[in-house]
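Below is one structure, written out as structure tokens; comments come after it.
The values are calculated or read from the model by the stated rules, or taken from the named source; none is laboratory data. Being a predicted model, the structure only gives us computed values, none of them experimental. Cβ sites come from the backbone with ideal geometry, for glycine too, and all protein chains shown count toward neighbours. Accessible surface is based on the protein model in full, side chains and every heavy atom, while ligands, DNA and RNA are left aside. Shrake-Rupley method; radii C 1.70, N 1.55, O 1.52, S 1.80 Å.
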Amino acid sequence: MKCPNCSFENAADAKFCENCGQPFERACPNCGKPVSPNARFCKNCGFNLAGAAARPTPVTKTEPLDALRRAAPQNVATKILAERERMEGERKLVTALFTDIVGSTTLAEQMDPEDWREVVSGAHRRVSEGVYHYEGTIAQLLGDGVLAFFGAPLAHEDDAERAIRAALQILAGIHEYAGELRAKYRIPDFQMRIGLNTGLVVVGNIGSDLHMEYLAIGDTVNLAARVQSAAEPNAILITESTHRLAASLFDSEDRGKITVKGKAEPIQVYRVSGERKGAVRTRGIAGLSSPLVGRQREFATLMQITADARAGRGSIISIIGEAGLGKSRLVAEWRKATALTSYPLPPPPSPEPELRFRRGGRGTEGEGGAAIRWIEGRCLSYGTSMAHHLSTDILRAIIGASAGSSEEETHRALWQTTETLFGAEMKEVYPYLGHLLGLKLEEDMAARVKYLDGPALQSKYIAAYKRLLHALARSSPTVLICEDVHWADPSSIELGLQIIPMAAEAPIVFAFVTREDKDAAGWKLISQAHDIPGVGARELHLGPLSDTESKTLVSNLLEVEALPEQLRALILAKAEGNPFFVEEVIRMLIDRGGIALKDGKWTVTREIQNIEIPDTLQGVLTARIDRLSEDAKRTLQIAAVIGRKFQVKVLEKVLQAEGL
């Protein structure tokens, strides 16, 4: 049977195209009855199917996915089921992940059907593990292929990143699986290819078995399938729309433009080779920069905190604000203004049983000219279930061994740091921090942790962590920055609650950067900091920029002498005082050619009447909207239909008519 979508020749009994995933049994858009793939009119109601070709293509449920859905972690399944009634009929920006086993037809012909079924099931399990690990959803099984979504029904601001990380995990799992198949079935080289594309879908019914139906808008799913078919064995190929959302985090190779069936123009693709070690999500526009706009009061507070630290006084400061308001930029400017990039490790401690810190005064470690030591740890949006992720990220920053370091490199860094700091007493610190990092310890060191139960081990972690930070602060004031605390894991939070009282007795500054999410587990660090005597924990709440400050930011970034006032107003209205939103709207205008650099100056190339929300902001906004209560979300949806500005009484009448 020839696929009407991509012209691929399929088996006569195929229900879906093996090349693009197109369903062969269509449904009539008018009456919903099944129609044959090449029918021009519906046999049930006479509807003109040719005229409906441009409508969204319904993609229906395939064979049962019970085994894979049962493998979904309970927390993921609970989240999906909690969202299912709220999501039906919503448009979602998703990253579609399409996998396919290389040479599956040949392999199936050479193997016993039962054996081949077991082989495919094993591959599917490894795919589902990667998908569910990053809170994606299995949408369909297409023969030996799998279609998964990141962004529906669970929306995150980094779904493209999650999809790529899942793809990398899947390939790593398939590489290991290939070794098992080589030994068991003598399959010489079991391989998989993966394609990713980002676009819109409309979420349909979500069943109690986690099955999600959807309507593909445009070619979101088909393009993912075609990119997958163009990938090399054991390779990940992504489209420009996916690459743009996560380019700074992964090593990728520009593979140029490829021709795919059904697309008039060639498609730009990239091959992802791996995670970029130590990379963090970057903001801003290459080639454009602006001094820090606004935030003078907050910046002055932070500079006073470093002055206090140099005088021997510790602090706890929380920098709070919604996504894009400039929390990380403020921290970067603070660090730039005060930090020295290098500093010596302190000598081993004196035999005195207790470290003491004098408050100010000449000759103390905290005098006015002391260099500031900066340590930074970062939480991940998908790291809340990763025990001690923040704790170990900070520890790695202290010893100088990034997450990408080998075990040998990490082991050596920890040994050298603890030996330098503690000398002969390192045995009281090294084995517990090494265990926290998951290192294989020397026999005598491993014996110190071997028989400790959970509470005893946590107590040793805390004691070792405290000694380490005390030793660092003894030589120079220390600022410990914890980014994205709203995503902190519970184990790190509990350890942190025992550590932060040190600010009352040593020149250590604990800086928590977070969104104002009081339901997040990490909020305990902010709220309980106020109960620590002798510290006086402070909070800096960042709000949107004023209109004047937003105009200054636009002018600093573009320096367009003749920027039309209408365009300036459109940018400011869309961004609403959010610096990140300002940057992303300008980036979209540049990418689409509305603003171009000519003869070293930015100029407006055409009249711009309207500005869409950039894809880079869709995830941030959707994730935030999905966190609202059901009533609040429904009210927001109705208000969006009414318009941008309206009288409250209009909304009240519509809500009454809707029974809300």
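Note down the nm distance, to one decimal, between modelled labels 7 Å out along Cα→Cβ at A463 and at A371.
3.3 nm
So which lysines can K450 reach, going by Cα to Cα under 16 Å and dropping same-chain residues fewer than 8 places off?
By straight Cα distance, K450 reaches K427, K440, K460.
Mind pulling the per residue volume of the convex hull built on the Cα atoms of the range 612-655? Å³ is fine. Numbers along the way, then the final one.
Values: hull volume 3.1 nm³, N = 44.
So the per-residue hull volume is 70 Å³.
Pairs K92/K524; K277/K336; K336/K551; K79/K574; K518/K633; K92/K261: which are spaced more than 27 Å apart, C-alpha to C-alpha? Show your work: numbers first, answer last.
Values: K92/K524 32 Å; K277/K336 23 Å; K336/K551 25 Å; K79/K574 31 Å; K518/K633 19 Å; K92/K261 25 Å.
Too far apart for the 27 Å limit: K92/K524; K79/K574.
Principal axis extents for the range 399-526, Cα atoms only, whole Å, descending order, please.
In descending order, the Cα extents are 45, 32, 29 Å.
Working out 0.36 nm times the residue gap between A172 and E630, then minus their Cα-Cα distance, what length gain in nm do you get to one decimal?
Extra length from A172 to E630 when fully extended: 161.0 nm.
What FRET efficiency comes out for the pair L651/E109, r = Cβ-Cβ distance, R0 = 41 Å, nearest 0.05? Write down the numbers at each step before the final one.
Details: r = 63 Å, r/R0 = 1.53.
FRET efficiency, L651 to E109: 0.05.
Select from the range 562-660 those chymotrypsin sites (Phe, Trp or Tyr not before Pro) which occupy a DSSP coil region and have at most 12 other Cβ atoms within 10 Å, ordered by residue number.
Answer by residue number: F646.
First obtain the Kirkwood hydrodynamic radius of the range 475-608 from its Cα pairs, then insert it into the Stokes-Einstein equation at 25 °C and 0.890 mPa s, and state the resulting D in µm² per second as a whole number.
135 µm²/s
Starting from the range 372-478, pick out the trypsin sites (Lys or Arg not before Pro) whose DSSP state is loop and whose Cβ has at most 15 other Cβ atoms within 10 Å.
K440, K450
Provide the FRET efficiency to the nearest 0.05 for the Q268-I608 pair, computing r from the beta carbons and using R0 = 25 Å.
For Q268 and I608, the calculated efficiency is 0.55.
Run through all the Cα pairs of the range 98-151 and give the fraction in each 5 Å bin from 0, expressed as whole percent.
4, 19, 29, 21, 14, 8, 4, 0
Give me the extension gain from E322 to A77: residue separation times 0.36 nm, minus the current Cα-Cα distance, reported in nm with one decimal.
Here the segment from E322 to A77 would lengthen by 85.5 nm.
Taking the Cβ-Cβ separation of K450 and Q528 as r and a Förster radius of 30 Å, what is the calculated FRET efficiency to the nearest 0.05?
0.35
Convert each backbone phi in the range 150-156 into a coupling constant with the Karplus relation 6.51 cos²θ - 1.76 cosθ + 1.60 (shift: θ = phi - 60°), then list the ³J(HN,Hα) values in order as whole Hz, x for Gly and Pro.
Calculated HN-Hα couplings, in order: 10, x, 8, x, 8, 9, 10 Hz.
For the range 530-603, report the accessible area per residue in Å² (1.4 Å probe, heavy atoms, rounded to an integer).
Using a 1.4 Å probe on heavy atoms only, each residue of the range 530-603 averages 51 Å².
Non-local amide H neighbours of I187 (under 5 Å, H modeled in plane, Pro and chain starts lacking H): which ones?
R182
What is the set of long-range amide H partners of V35 at a cut-off below 5 Å, with H atoms built 1.01 Å from backbone N?
R26, A27, C28
Under a 5 Å amide H to amide H cut-off, with H placed in plane at 1.01 Å, what residues pair with E376 once short-range neighbours are removed?
Amide H to amide H, under 5 Å and 5 or more residues apart or across chains, E376 pairs with I481.
As an exercise, identify the trypsin sites (Lys or Arg not before Pro) in the range 598-660 lying in DSSP coil whose Cβ has no more than 12 other Cβ atoms within 10 Å.
Details: sites: K598, K601, R606, R624, R627, K633, R634, R644, K645, K649, K653; in loops: R606, R627, R644, K645.
Answer in residue order: R606, R627, R644, K645.
Give me the extension gain from K518 to A279: residue separation times 0.36 nm, minus the current Cα-Cα distance, reported in nm with one decimal.
83.2 nm
With every protein chain left in place, what is the accessible area of S546 in Å² (1.4 Å probe, nearest 10)?
The accessible area comes out at roughly 50 Å².
Given 4 °C and 1.567 mPa s, compute D for the range 555-655 with the Stokes-Einstein relation, Rh being the Kirkwood radius over Cα pairs; round to the nearest whole µm²/s.
Result for D is 83 µm²/s.
Please report, in whole Å³, the volume per residue of the convex hull around the C-alpha atoms of the range 445-513.
101 Å³
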